[in-house]
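The values are calculated or read from the model by the stated rules, or taken from the named source; none is laboratory data. No experiment lies behind these values; they were computed from the predicted model shown. Here the Cβ positions follow ideal geometry from the backbone for every residue, glycine too, while neighbour counts run over all protein chains shown. Accessible surface areas use protein heavy atoms only, side chains included; no ligands, DNA or RNA. Shrake-Rupley method; radii C 1.70, N 1.55, O 1.52, S 1.80 Å.
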Amino acid sequence: MMVAGITKLARTTIQETGTNLLHMVIGFLERYESGDSTKVHHAPLYIIPVRMEKGAIDSQTNTYQYTLALDSEEIQFNASLAAKLKEEHDFVLPELDQETWPDAYLAEVAEKIRAKFPL
């Protein structure tokens, strides 16, 4: 699906349901289902609602330029990952503070993981 199609679908979904489908995810946690599993799972820690904004047309490529912009909603915490880690490993992710920059939060998560699961 082209960028214009994604933008249109996202806008229509917001209008019809009030739900934003576009999210940028960062800060992935790699984990395995079990100790003998070889398949790694990646779960995002930050889920950021975004919107695509159509810009000017590029005269060289004759295509529109699009940018991602933060939506007015707050950054979201991966609650299902937090619940799974608590249930399966008795591990509690640090609180997600809207004032904390992602690099600081990710460092805090890494430190807490190293403390709970030393190599």
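Take ARG11 and tell me if it is in contact with an Asp or Glu (Cβ under 9 Å, 6 or more places away or on another chain), farther than 30 Å from PHE117 by Cβ, open to solvent by 50 Å² or more (accessible area, probe 1.4 Å) and among the basic types (Lys, Arg). Lay out the reasoning, then the answer.
Working: in contact with an Asp or Glu (Cβ under 9 Å, 6 or more places away or on another chain): no; farther than 30 Å from PHE117 by Cβ: yes; open to solvent by 50 Å² or more (accessible area, probe 1.4 Å): yes; among the basic types (Lys, Arg): yes.
So ARG11 fails the test.
For a quick check of your reading of the model, give me the residue pairs whose first member lies in the range 81-95 and is within 14 Å of GLU30 (Cβ to Cβ), whose second is assigned to a loop (DSSP other than H, G, I, E, B) and at pLDDT 90 or above, with beta-carbon atoms closer than 9 Å and at least 6 apart or on different chains.
LEU81/LEU93; LEU85/PHE91; LEU85/VAL92; LEU85/LEU93
Can you tell me how many residues in the range 42-60 are open to solvent by 90 Å² or more (accessible area, probe 1.4 Å) and among the small types (Gly, Ala, Ser)?
Of the residues in the range 42-60, the ones open to solvent by 90 Å² or more (accessible area, probe 1.4 Å) are 42, 51, 54, 59-60.
Then drop every residue that is not among the small types (Gly, Ala, Ser), which leaves 59.
Residues flagged as open to solvent by 90 Å² or more (accessible area, probe 1.4 Å) and among the small types (Gly, Ala, Ser) within the range 42-60 amount to 1.
Of all residues in the range 70-90 being more than 14 Å from the chain's Cα centre (by Cα) and surrounded by fewer than 16 Cβ atoms within 10 Å (Cβ to Cβ), which is modelled with the lowest pLDDT?
Only one residue fits best here, namely SER72.
Within the range 1-50, track down each residue that is farther than 23 Å from ALA107 by Cβ, in a strand (DSSP E or B) and of a type in the set (Val, Ile, Thr).
Our first condition is that a residue be farther than 23 Å from ALA107 by Cβ; within the range 1-50, this holds for 1-22, 33-39, 49-50.
From what is left, the residues that are in a strand (DSSP E or B) are 49-50.
Correct list: VAL50 only.
Can you work out which of the residues in the range 1-30 that are touching a helix residue (DSSP H, G or I) at 6+ places or on another chain (Cβ under 8 Å) and without any contact (Cβ under 8 Å) to a residue 60 or more places away in the chain is nearest to ALA69 (Cα to Cα)? Before you say what the answer is, go through the steps one by one.
So the first thing to find is which residues in the range 1-30 are touching a helix residue (DSSP H, G or I) at 6+ places or on another chain (Cβ under 8 Å), and the list is 1, 19-22, 26-27, 29.
Imposing the further condition that a residue be without any contact (Cβ under 8 Å) to a residue 60 or more places away in the chain reduces the set to 1, 19-22.
Numbers: MET1: 20, THR19: 16, ASN20: 13, LEU21: 14, LEU22: 10 Å.
Applying the filter and picking the extreme gives LEU22.
Residues in the range 83-117 that are acidic (Asp, Glu), closer than 21 Å to SER34 by Cα and either in a helix (DSSP H, G or I) or touching a strand residue (DSSP E or B) at 6+ places or on another chain (Cβ under 6 Å) (or both): how many?
Just the residues of the range 83-117 that are acidic (Asp, Glu), to begin with: 87-88, 90, 95, 97, 99, 103, 108, 111.
Among the residues that remain, those that are also closer than 21 Å to SER34 by Cα are: 87-88, 90.
Right, trim to either in a helix (DSSP H, G or I) or touching a strand residue (DSSP E or B) at 6+ places or on another chain (Cβ under 6 Å) (or both) and you get 87-88.
Of the residues in the range 83-117, 2 are acidic (Asp, Glu), closer than 21 Å to SER34 by Cα and either in a helix (DSSP H, G or I) or touching a strand residue (DSSP E or B) at 6+ places or on another chain (Cβ under 6 Å) (or both).
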